[in-house]
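Here the structure comes first, spelled out in structure tokens, and everything after it is commentary.
None of the figures in this text is laboratory data; all of them are computed from the coordinates on show. Predicted model only: the values in this text are computed from it and were never measured. Methodologically, a virtual Cβ is constructed for each residue, glycine included, from the backbone with ideal geometry; neighbour enumeration extends over all protein chains shown.
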Amino acid sequence: METTGMDHYLEAAKRAAQWHRDYREQMKQCRFDTIATHGIYSMQEALDFNQGSIVEPVYMSTSQAYRDADEMEAALGYRIPTWCYSRIANPTMYYLEGVLALLDGYGSDVETSCIATSSGMAAIQSAVDPFLVVDPRNPKAPMNFVATAQVYGGTYQQFSMRKHHDRDVEWRKVCHSTDLAEWESLIDENTRFLYGEMPSNPCQAFFDLEKVAALAHKYGLPLIIDSTVATPALLRPIEHGADIVVQSVTKSLATSGFGISGAVISRKNLVSNIDNPEMKADFATWLKLLPNRDNGPNISPMNAVLALNDIRTIRMRMDHMSRSTMKVAQYLEQHRHVEKVDYLGLETDALHSLASDYMYLVDSEYDDQYGTKVNRYGHLMSFNIKGDAKQTRDVFNAFTRIWRATDLGRIKSVATIPAISTHAQQGEEGRKLACIPANLIRLCIGVEHPDDIIKDIDQALAVLDGRKVKVTTPEYSAGGASSATLRNRQA
Ligand SMILES: *Cc1c(COP(=O)(O)O)cnc(C)c1O
């Protein structure tokens, strides 16, 4: 058929869309590791467009050029596959989004899509804000959302300060997330979504995902899950009924620690009481093309490729690090200076059996080493010192191999005291709700040999027997941020 002008581009777009759909379908037939390694970057794409490069290219470019006005018009009207401008899209982001959509959708027949963001917090903001809009049928109605109290410190701040305090959007806190009746008692006609973090950071809260998803849907609400701690290698909430998953890609997915990034993964045709058919049909794509275009919380192509590169090995790392963490947890559990260990992998953990229904090493049944489904619980754990805040700091100060940093998911072991770091801003009462006492140390175990990590913890705990620790004198560079004005922000 002879085509001219805009039609010419629309025809080419149809062919490209079909070709990409077919390739995604092919990849869906592969096992998790194959998808994680190749994602949606194909040989055909490499040879036709990227000089045969076997790794995804980084398009360090703000914008895309067009052949003529027709192509530009079609592109900006989103009628052809295009990336226009890197705030909206970019080929390198596209490869990251493609692989994350497939991994979080793995093992289910649900269709998923993904948008990458500049951080995990931006992912949470992007995932929840579209539901916190004025209802034209009842514009004066107050809005609320129901979310677990045990959430990451940054999420606690976003929900309590940026939503509840700044915008009068009520955060109804679920304090006992295993109690379905408590979830249900908080829902009313002004509720916009249910939200949970599982396992939670740092205290490993966990709930029955399928039951909470069914409850959300009974009320016509979406269930949003922060699945950062598990990663898709151990848990894929969409398979169990969740509508939207948020990931702080910064953490275990991009384990090397080169940069901050996040992602929102959604199921097609999600449930919501908001009257917006386009949003519901394909939430992540809608978010990308409209709200996030306007708000601009996009990822950079460099961070996207760094994340992409680490994601290839997520399954084997989560397996290895989970096994090491189990060893460390078992060691700590029998230590005389330790009051309590929170790790879902321990049989003594109250939520062990519930977590065991959900947290499996993906594809372990196809693995020669295992040949059956095996439970894995991730590499985040926490423990309480038998002692006060001061003694907790003493033990913390004595680590020589484990880094003191407010970070997790790293290939290197990292520890923090949540009460003075990640969960400092929410105050005593907020910490009580989130179960963060002053004697709690959070540990995230890397890929070092676990014997060396246990040795380091062992010598650190010896401080409680009277061993002295030397602290080095600081020399600060001027590069950091510090502000006295922020000190009283919670006043
Ligand atoms: C770190 C973290 C976040 C926030 O992610 P950033 O990438 O740091 O913005 C959100 N949720 C959980 C569970 C986290 O651990």
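Some points to look at:
- Centroid-to-centroid, using Cα positions, the range 17-31 and the range 344-368 are 30 Å apart.
- Shape parameters for the range 193-234, alpha-carbon atoms, Rg then Dmax in Å: 10.8, 30
- Extension gain (nm, one decimal) between K470 and A389, 0.36 nm per residue minus Cα-Cα: 27.3 nm
- Computed Kirkwood radius, in angstrom, where 1/r is averaged over Cα pairs of the range 314-485: 17.4 Å
- Degrees separating the helix 209-218 axis from the principal Cα axis of the chain, which is the longest one: 50 degrees
- Projecting label points 7 angstrom from Cα along Cα→Cβ for A462 and A481 puts them 4.1 nm apart.
- Stokes-Einstein D for the chain, Kirkwood Rh over Cα pairs, 4 °C, 1.567 mPa s (µm²/s): 54 µm²/s
- Dividing the convex hull volume of the alpha-carbon atoms in the range 83-172 by its residue count gives 159 Å³ per residue.
- Positive end of the dipole of the range 314-485 (Cβ unit charges, origin at the Cα centre): among A434, L351, Q330, the Cα lying farthest that way belongs to A434.
- Calculated FRET efficiency for the pair E278/A214, C-beta based, R₀ 25 Å, to 0.05: 0.45
- The alpha-carbon of K280 sits under 15 angstrom from the alpha-carbons of these aspartates and glutamates, leaving out residues fewer than 8 places away in its chain: E111, D129, D243.
- The chain: angle of helix 5-28 to the longest principal axis, Cα-based, in degrees nearest 10: 40 degrees
- FRET E, pair R404, S356, Förster distance 25 Å, beta-carbon r, rounded to 0.05: 0.20
- Largest first and in whole Å, the equivalent-ellipsoid semi-axes of the range 1-64 read 26, 18, 10, each the square root of five times a Cα gyration tensor eigenvalue.
- Measuring nothing but how far apart in sequence close Cα pairs (under 8 Å, 6+ apart) lie, relative to its length, the range 90-311 scores a relative contact order of 28 percent.
- Listed values for the range 424-434 are Karplus-derived 3J(HN,Hα) couplings in whole Hz (6.51 cos²θ - 1.76 cosθ + 1.60, θ = phi - 60°), namely 6, 6, 7, x, 4, 5, x, 5, 5, 4, 8, and x replaces Gly and Pro.
- A dipole drawn for the range 57-111 from +1 and -1 charges on Cβ atoms has a positive end, and of A74, Q64, V110 the residue lying farthest that way is Q64.
- In Hz, Karplus ³J(HN,Hα) per residue of the range 166-180 (6.51, -1.76, 1.60; θ = phi - 60°; x = Gly, Pro): 6, 10, 6, 9, 6, 8, 8, 7, 8, 8, 10, 5, 7, 8, 4
- Each Cα pair under 8 Å and six or more residues apart adds its sequence gap; the mean of these over the residue count of the range 314-485 is a relative contact order of 24 percent.
- Distance between modelled label sites at D168 and S61, nm, 7 Å Cα→Cβ extension: 4.8 nm
- ³J(HN,Hα) computed for each position of the range 360-376 - Karplus, 6.51 cos²θ - 1.76 cosθ + 1.60, integer Hz, glycine/proline x: 10, 6, 4, 6, 4, 5, 9, 9, 3, 5, 10, x, 8, 6, 10, 6, 9
- 0 to 90° range, to nearest 10: angle between helix 314-333 axis and the chain longest Cα axis: 20 degrees
- The label-point distance for Y78 and A424, in a model that sets each label 7 Å from Cα toward Cβ, rounds to 4.1 nm.
- Distance violations [Cα-Cα > 23 Å] among K288/K412; K373/K412; K327/K386: K288/K412; K373/K412
- Long-range tail of P(r) for the range 90-311 (Cα pairs > 21 Å, %): 50 percent
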